[in-house]
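In what follows, a structure is listed as structure tokens, so that the remarks can point back to it.
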């Protein structure tokens, strides 16, 4: 059985990624902070609940101790789409808080679970990013969210280079503007945004690594 862990998965894109992976026959660990929410969401899609706050080192250590085998890690948990801020006047405490979940959380969790991902020789790490992190067309606005996702993209590149020899493929995926609590109304259906993440999570061994994708197609860095 192929085992996957999806963080921030009690709703929205994360929940739909879990649903699609379960439909593909994966054994899915659904991670979220709230015990009630994680139980409810896992039951909805047929996944295994895992209470996990990615900002908590204790939670990450416990998860690493409990997970004996892992093939796929989807770092989806994210906060603070700060449309009210500008970089020139940003509250840096908000920036730091966003980074704890959007960057350091995935970084710590990946480090903790690398032994499991290495063991199978076919690991996949998917960092859920955003087109706002593309330097090519970047403007102003959402500085906390954007800066954290830019750095997550950089982490993706570094991990991909370091883990290539272990057979672990590491990619960043932009799901596009999706109609979720964070994205707001008017976006594409959640299932469409999740599909690109599932594509990266289920790549064959000769698939790409160190890339930035949306719907399976490259996005400019």
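Fewest to most neighbouring Cβ within 10 Å: what's the order for 5, 203, 169?
Lowest count first: 203, 169, 5.
How far apart, in nm, are the 7 Å Cα→Cβ label points at residue 166 and residue 135?
Between residue 166 and residue 135, the label points sit 2.6 nm apart.
Ranked by Cβ crowding within 10 angstrom, fewest neighbours first, how are 69, 122 ordered?
Listing 69, 122 from fewest to most nearby Cβ atoms yields 69, 122.
State whether segment 33-125 is rounded, prolate or oblate according to the following rule on the C-alpha gyration tensor (a ≥ b ≥ c being the square roots of its eigenvalues): a/c under 1.5 gives rounded; otherwise a/b larger than b/c gives prolate, and the remaining case gives oblate.
prolate
Most exposed first by the Cβ proxy, i.e. fewest other Cβ within 10 Å, how do 110, 7, 156 rank?
Ascending number of Cβ neighbours within 10 Å: 110, 156, 7.
Per q in 0.15, 0.19, 0.25, 0.28 1/Å, what log10 I(q)/I(0) does a Debye calculation on the alpha-carbon atoms of segment 87-142 return?
-0.63, -0.84, -1.07, -1.16
What percentage of all Cα-Cα pairs in the chain are separated by more than 31 Å?
The proportion of pairs with Cα distances above 31 Å equals 13 percent.
Say R0 is 30 Å: what FRET efficiency, to the nearest 0.05, do residue 91 and residue 154 get from their beta-carbon distance?
The value I calculate is 0.80.
Values in this text are rule-based calculations from the coordinates and carry no lab data. As the structure is a computational prediction, the values presented were derived from the model and not from experiment. Here Cβ is always computed from backbone atoms with ideal geometry, including for glycine, and neighbour counts include all displayed protein chains.
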